[in-house]
Every structure is written in structure tokens, then in C-alpha cells.
1. Explain nothing, just the number: dipole magnitude of region 59-192 about its Cα centre with +1 on each Lys and Arg Cβ and -1 on each Asp and Glu Cβ, in debye rounded to the nearest 20.
2. Assuming a ≥ b ≥ c are the square roots of the Cα gyration tensor eigenvalues, decide whether region 59-192 counts as rounded (a/c under 1.5), prolate (otherwise, with a/b larger than b/c) or oblate.
3. Using a cut-off of 15 Å between beta-carbons, work out the net charge of the residues near ASN201 (Lys and Arg +1, Asp and Glu -1, ASN201 not included).
4. What ratio of Cα Rg to 2.2 N^0.38 Å holds for region 107-259?
5. Under Stokes-Einstein, with the Kirkwood radius over Cα pairs standing in for Rh, what whole-number D in µm²/s applies to region 145-214 at 37 °C and 0.692 mPa s?
6. Of LYS68/LYS127; LYS250/LYS299; LYS73/LYS97; LYS97/LYS183; LYS303/LYS326; LYS68/LYS112, which ones are farther than 21 Å apart at the Cα?
7. Going 7 Å from the Cα of ASN247 along its beta-carbon direction, which residues of region 184-216 have the amide nitrogen within less than 20 Å of the resulting point?
8. If you rank GLU139, GLU287 by fewest surrounding Cβ atoms within 10 Å, what's the result?
Amino acid sequence: MKKSILAIPILLIVGLILSIACVPTAPPKETKPPASPPIETKPPAVSQPEPEVLPSFPLTVTDDLGRKVTIAKLPQRIISLAPSNTEILFALGLGDKIVGVTDYCDYPEAAKTKPRVAGYSTPNIEKLISTEPDLVLAESIHEKTVLPALERLGLAVIITKATSIDTVLHEISLIGQVNGKSKAATKLVDSMTQRINTITNKTNALNPEQRLRVLYAVWHDPIWTMGSETFSTDLITMAGGTNIFANDFKESRVVSLESVITKNPQVILVSGMGTSGDLIYNGIKNESRLNSVDALVNKRLYKISDANLVERPGPRIVDGLEEVAKLIHPEIFGALNMKSN
């Protein structure tokens, strides 16, 4: 009897445990992973120009006339006697060191604010000296007239003479070197070379018949044009043309109407400063004796949009090359909306 009484509570306890074990448990509450800490964002890095390594001074270099020129120290006050050299200086970030330019230095816009110390080929020596330059960048036109006077004054004078596009690139490198801007010059030259190659990679494949005969006219009465050893002829060649007078003479010269008619240009390019471009263009267009040449018959007489692009051997010469390529070979490079006859 006692055993049965004791068994009842034990059974009740076991049953209670089993009943508790069978009660369904509530599903666990949804938990979210802890929020990630905010990612620290930094502004994009601004690429800084690579610092220049200044050359050792005194520095002796050779200019385009083969002259040895010694620069005593890093130039701080520069005179430019050519618009092309002025453009190179600004392109290399040396505009703040320019203390004198010519009346024709008008690019970039900041060049117009620089003191005028020269005309086209006749600098005002007194005004030039008053600027106390430690470097003068002149052009070959100054070789016999201005250079001797500047050398007598003990000034460092570098003469540029662009006879080809390669010479232009060399001049940029040279001006960069003497002014502690070699890396900037290399970057500019590389960029220009890349654009040049884009043109010549296509025109180098042309056969002689595809290279159109080109007359490049810088005056009309009489016709004045360019021969060999000029960057103008180099432009025409790179653009896929052939300068009709390249084998006749060097540099520039007056040519007869008869010789132009005989050589029968297929394209005539006109370049002139200011309004002279229109004057040359109309002079050639209205010259009845030229009516039979292919360029006029096929309406391929063109005026360059900006003469400075093809007449100044500076950084913008590549703009000129691209325009000339489109005028000579629009089927390759695309046509321009240019003034034609």
C-alpha cells in the first residue's frame, strides 16, 4: 500500500516533465547582424605634376644655328622675340617669367599683357635692356641684325630656326631644359607626337598617286610659297600631300604663274595673317590664268582657318597639321566646313 502511494507522486512528476518537454517552443526572434562601421571615404587624389629636377648651372646648350650658349643660372627674366617662342614658354608654365615680347605675341590671352619690346624683326634694344633679362629667345631672322648687339651686351641668347616638325619638338625640349622644365617639355612633346602619329600612321600608307600635289601660298601678287627645309613642307608631307615646289628651292620664294600652271596643283592652301588671308584667297581665285589648274577646276582652293596654326612653329602646329590633313584628304580624316572656291 505504501509503495503504491509513493508511486503516484513519482508518476505525476514524470508526467509533468514529459508534458513540459512536449510544449512547443516559440521561434527565436529574427536577429540582424550588427551594423558594419561606416567606411571612411577619402576625396579622390589629385594628380600632382611630377616635380622637376633642375639641371646644374652653368649649363651649355647648342641652339638651332649650332651656337654654343652658356646659361649662368636658372633664368628668372625671359625676353621672347618670336610669337612661337612665347607660346612655348606659356605652354611650359613659364609665363610668369616673361618680361618682354613682340607686338605680334597674342597667344595665349595672357601674352597680350606682357611688355612690348620688339616689332617683327627690330627689337627696341634700350627697352629690352631695361627689363634686365637673363635669357633672350630669338629667331633666325635676328641672326645678322640683332644677335651681335645682344651678344656684345653679354646676354644669353638662344636662336630657334624651325625647318621641320622635328625641329619644333626639339625647340620645346631645349627651352624646357634651360628653364628647369624638362619634364613638362617631355610631356608636351609626347602629347604632340601622339597626335602627329595618328595622322602619319594613315598617310604613310599612301602611294605616290594618292599624295595630292599641293601649292601653299602665303601671297598672291606675285605668288609667294615655300620650298624644302621648311616646316610648312613637312606639314604637307605628313598630311599626305606633296609640295609642288619642294624640289625646286629651299625656304621661301616668289614663283611664276607659268610654273604653277605647269605643276598643276590639285589642292591650293592659302595662309595669311589677319585679313591678308582673304586677300590672297580672292587674288588666286580671281586669277583667270589659273582657271585651268585642277585645284580650281575641282573647287579645292582653301584658306586655313587661323594662319597662326601653320605659320608659328610652336605647340599649336599639331592643330595646323590636323586641319591640313582634313583639307588634303577629307576621305581619310573627315571634311571641314572650310571656305573653298
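Each reported figure results from applying straightforward, stated rules to the coordinates on display, with no laboratory input. Just so we're clear, the structure is a prediction, and the values are computed from it rather than from any experiment. With ideal geometry, Cβ positions are generated from the backbone for all residues, glycine too; neighbour counts draw on all protein chains shown.
1. Details: 15 positive and 16 negative charges, 66 e Å.
Around 320 debye, computed over region 59-192.
2. rounded
3. +1
4. Details: Rg = 19.0 Å, N = 153, 2.2 N^0.38 = 14.9 Å.
Cα Rg divided by the expected 2.2 N^0.38 Å: 1.28.
5. Rounded, D is 219 µm²/s.
6. Among LYS68/LYS127; LYS250/LYS299; LYS73/LYS97; LYS97/LYS183; LYS303/LYS326; LYS68/LYS112, the Cα-Cα distance tops 21 Å for LYS68/LYS127; LYS250/LYS299; LYS68/LYS112.
7. 204-216
8. GLU287, GLU139
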